[in-house]
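Read through the structure below, which is laid out as structure tokens, and then see the notes.
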Amino acid sequence: MALTNTSDRYGFFTKLFHWLIVALFAWQYVSGNIMTGMERGQLVAGMNQNGYYNWHKSIGLVALAIACFRLLNRYMGQLPAWAPTLTTPEKTFIHRAEQALYLTMFVMPVSGYIYVMAGGFGVLLFGQWKMPNPIGKVESIAFAAKWVHIGAGWVLAAAVLGHLFVVFRHQFVVKDGLIRRMLPQRKS
């Protein structure tokens with residue numbers, strides 16, 4: 001498998017960054033819902049609310065770094081041609097959903113970082129290192145960043161659901177194997 005994209009298939013790095021972002025954002029979604037629904041002192045899977053918040057913030061920064069590498073990789077080479085079974089409306093939707101996904105890959109962690117710094121919560125990176133606060137406590141900025149973070153989460157959810165709808169439609173209705181384009185290649 002080629003490391004970068006070719007005219008007929010996605011490369012190793014595109015697939016790697018795609019699935020890393022999927023895993024990281026899935027963790028963020030699950031941990032975000034757990035941490036915001038927990039009571040003080042409650043443990044879920046052996047971790048308290050502060051633990052979930054710190055891991056959520058730390059993984060968010062890792063996701064931002066991976067998103068940077070993913071965007072760099074996206075523009076380093078070419079994209080494969082559209083799958084021939086995609087309709088014109090699907091291509092339009094996929095293009096717009098990709099724009100929303102890339103936007104939220106950056107807006108979510110940046111707004112989350114601004115929120116916790118301006119809110120005075122800070123980041124204890126992986127429970128080990130207290131990151132400096134370049135913003136200082138500014139409630140109005142924290143309030144705005146929190147709602148940007150939440151709004152971007154809804155945009156992300158809509159884009160992901162639309163993306164999954166197209167993939168599953170092609171997998172189970174059209175039955176063209178579209179999903180194989182993003183799966184690791186099997187050796188013959």
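Quick note: the coordinates plus some simple rules give every number you see, no bench work behind them. As the structure is a prediction and not an experimental result, all values here were calculated from the model. Every residue, glycine as well, gets a Cβ built from its backbone with ideal geometry; the counts of neighbours run over all protein chains shown.
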Rank the residues Ile135, Ile179 as a footprinting-exposure proxy: fewest other Cβ atoms within 10 Å of their Cβ go first. Ile179, Ile135
For Lys15, go through the aspartates and glutamates and keep the ones whose alpha-carbon is under 15 Å away, minus same-chain ones fewer than eight residues off. Glu98
Got a sec to turn the phi values of the stretch 82-87 into Karplus ³J(HN,Hα) couplings, 6.51 cos²θ - 1.76 cosθ + 1.60 with θ = phi - 60°, whole Hz, x for Gly and Pro? 4, 4, x, 8, 6, 7
So which lysines pass the test for Lys130, namely a Cα distance under 23 Å, with those fewer than 8 places away in the same chain ruled out? Lys57, Lys146
Rg (one decimal) and Dmax (whole number) from the Cα set of the stretch 35-112, in Å, equal 18.1, 54
Relative packing of peptides 138-148, 107-117 - highest average C-beta neighbours within 10 Å first: 107-117, 138-148
Point-to-point label distance, His95-Leu125, nm (Cα→Cβ direction, 7 Å offset): 3.9
Given charges at Cβ of Lys, Arg, Asp, Glu: the stretch 12-182 dipole, positive-most of His149, Gln171, Phe25: Gln171
Grab the eigenvalues of the alpha-carbon gyration tensor for the stretch 12-182, scale each by 5, take roots, and send me the semi-axes largest first in whole angstrom. 33, 17, 15
Go through the stretch 11-26 residue by residue and turn each phi into a ³J(HN,Hα) via Karplus (6.51, -1.76, 1.60, θ = phi - 60°); whole Hz please, and just put x for glycine and proline. x, 4, 5, 4, 5, 4, 5, 4, 6, 5, 5, 4, 5, 5, 6, 5
Work out, step by step, the length gained on full extension between Ile179 and Val62: first 0.36 nm times the residue separation, then minus their alpha carbon distance; give nm to one decimal. 39.5 nm
Are there any trypsin sites (Lys or Arg not before Pro) in the stretch 1-97 that are in a DSSP loop and have at most 13 other Cβ atoms within 10 Å? List them by number. Arg40
